[in-house]
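Let me begin by presenting the structure, written as C-alpha cells, before commenting on it.
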Amino acid sequence: MTRKLKITLFSALAVLSLGTGLTAAAPVYAATTDTSSTSASTTSSTSSSTTTQTTTTSAEFDTDPNATISLDSAPNIGFGKNVTPNGKTNGSYTAMTADNSVEVSNPGLASGWNVQLKNTPFTNAAGDTLGGAQLTLGTPEVAAANTGNPSTAPVGTNSPLNGNGTSQIVLAAAAKGGLGVWNSEYSLGNINLTVPAGQVGGTYTSTLTWQLSDTPQ
C-alpha cells in the first residue's frame, strides 16, 4: 500500500500599529485564521497468493534381454509371361505381382537397423541368363503397423539390382528409430525389369536376398 501525503506550509503575518497619542494604545493583533489542512491520499489493493505443489509419476518398461530385431516378410515378385525381347528395342516390363511388404519388427532396441538387398542373375532351367537385365523396385512406401507410432520412421531408397551379388541398402532406421513394427510396401507400377534385346526364350528366375542388420546406416 502506498500512502501519498500532501503538506501545505503557511507563514503568519504580524501587524504592529503605532499611535500618535499619549495614551498607550492596547496592542492590536491581527486576527489570524488557521486555514492549514493536511490531506492524505491512499490507494488500497488486494493481493492474492498462489499455492502450487509438484508431484511425480513413473512407469517402467523392460525389454527382453534376448529380444532381437527381426525381418518378418519380404515380397516374391512376378512379371508374368512376355514376348522374348529380340527386336530393335529393349524390353521393359512392369511387375504383375508382389505378395508381401518388407516387414521389420523392433521390440525396443535403440541400435537402429537396415535392410540390404542383392540378387542373382536371371537364369532359366537350361542355365541361360538374361544378359544385362536390371531390376528396380522403386522407393517403398514406409508406414508403421500401428497408429501414432512416435519413433523416427525408416527411410526407403531405390537401388537398382543387376545380378552381380552386390548388396544395396533399401531400408534404414537411425539409432533410436524404427521402433515397433514397420511395413515397406513396393508399388507394382514402380517395380520394373529392363532386358536388352537379344535373349533366349525361357522362364527366368532371380533369387532376392534380403538381409537385416541391427546397425544404422
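Where a number appears in this text, it was derived from the coordinates with a stated rule and is not lab data. This is a predicted model, so every value here is computed, not measured. Here the Cβ is made from the backbone with ideal geometry for all residues, glycine too, and neighbour counts use every protein chain on show.
Net charge around residue 70, counting only other residues with Cβ within less than 13 Å of its Cβ (Lys, Arg = +1; Asp, Glu = -1)?
Details: positive: none; negative: 64, 72, 103, 214.
Around residue 70, the charge tally is -4.
Using label points projected 7 Å from each Cα along Cα→Cβ, tell me how many nm separate residue 72 and residue 100, to one decimal.
Each label point is offset 7 Å from its Cα along the Cβ direction, giving 1.1 nm.
Net charge near residue 108: determine it from the other residues with C-beta under 15 Å of the C-beta of residue 108, scoring Lys and Arg +1 and Asp and Glu -1. Walk me through the intermediate numbers first.
Details: positive: 176; negative: 60, 62, 64, 214.
Computed value for this residue: -3.
With only Lys, Arg, Asp and Glu charged, each at its Cβ (+1 for the first two, -1 for the last two), find how big the charge dipole of region 70-213 is about the Cα centre; round to the nearest 20 debye.
On the way: 4 positive and 6 negative charges, 57 e Å.
Using Cβ point charges on Lys, Arg, Asp and Glu, region 70-213 gives about 280 debye.
Give me the aspartates and glutamates in straight-line cross-link reach of residue 176: C-alpha distance below 15 Å, same-chain residues under 8 apart excluded.
Hits, sequence-local ones excluded: 214.
Could you work out how much longer the chain between residue 175 and residue 126 gets when fully extended? Use 0.36 nm per residue separation minus the Cα distance between them, nm to one decimal.
Numbers: separation 49, 0.36 × 49 = 17.64 nm, distance 4.60 nm.
Residue separation times 0.36 nm, minus the Cα-Cα distance, leaves 13.0 nm.
Report Rg (one decimal) and Dmax (nearest whole number) for region 70-213, counting Cα atoms only, units Å.
For region 70-213, the Cα radius of gyration and maximum Cα-Cα distance read 16.8, 54 Å.
Along Cα→Cβ, 7 Å out, is where each label goes; now give me the distance between the ones at residue 61 and residue 82 in nm to one decimal.
Once both label points are built, they end up 4.5 nm from each other.
How far, in nm, would the chain grow between residue 200 and residue 143 when pulled straight, counting 0.36 nm per residue and subtracting the alpha carbon separation?
Values: separation 57, 0.36 × 57 = 20.52 nm, distance 4.05 nm.
Extra length from residue 200 to residue 143 when fully extended: 16.5 nm.
Work out, in µm²/s and without decimals, the Stokes-Einstein translational diffusion coefficient of region 59-116 at 37 °C, 0.692 mPa s, Rh from Kirkwood over C-alpha pairs. Kindly include the intermediate steps, with their values, before the conclusion.
Values: Rh = 15.5 Å.
Translational D for this selection: 211 µm²/s.
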